[in-house]
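The values are calculated or read from the model by the stated rules, or taken from the named source; none is laboratory data. Since we're looking at a predicted model, the values are computed, not measured. Backbone-built Cβ (ideal geometry, glycine too); neighbour counts: all protein chains shown.
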Amino acid sequence: MVAKSWNSGSQAADRKAYRKPTLTKAAVLSAVTAQTPTSGSSDSSSECWVARAAFGEADIRWMIFRAWLLDDAPAWFRRLYIRHGEAVGNWLAGRDSARVVVRALMLPAVNRKLRGWQRSGPLAQ
């Protein structure tokens, strides 16, 4: 954008046209919110205590982690998470340094899920 003095007569000509903002990660949002519980699983949102505590309720990464947990995680990890996750999530509340560590441990799974979606899922072009 070219900066001009407010005194110039061609102010409107110097401004860029307005472009409506778009959600560039809409496919991720659609993929995450469309996740359904897998067989033998109860309400999937209730099984993500640790991810919600680590990332925060407003961060979409906890939902991406949930998708990884339900679709791609090893069965032993899924069982462990479901069995002890609520207690760990409650313990994480208010422990910022522990949340940082848990978040760092969860990020590879989040990134792996995103890469999988980019290759073959809703993000493939």
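Summary table below
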read-out	value
One residue from S45, S39 being assigned to a helix (DSSP H, G or I) and modelled with pLDDT under 90	S45
Odd one out for I60 among (1) at pLDDT below 95; (2) exposed (fewer than 12 other Cβ atoms within 10 Å of the Cβ)	(2)
Members of the range 57-76 found to be under 15 Å from V102 (Cα atoms) and either aromatic (F, W, Y) or in contact with a strand residue (DSSP E or B) (Cβ under 6 Å, 6 or more places away or on another chain) (or both), listed by number	W62, F65
Residues satisfying the stated conditions in the range 82-123, i.e. touching a residue at least 60 places away in the same chain (Cβ under 8 Å) and either buried (at least 17 other Cβ atoms within 10 Å of the Cβ) or touching a Leu at 6+ places or on another chain (Cβ under 6 Å) (or both)	L114, W117, L123
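Okay, residues lined up against (1) more than 13 Å from C48 (Cα to Cα); (2) in a helix (DSSP H, G or I):
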site	(1), (2)
R66	no, yes
L69	no, yes
R79	no, yes
I82	no, yes
G85	no, yes
V88	no, yes
G94	yes, no
R99	yes, yes
L105	yes, yes
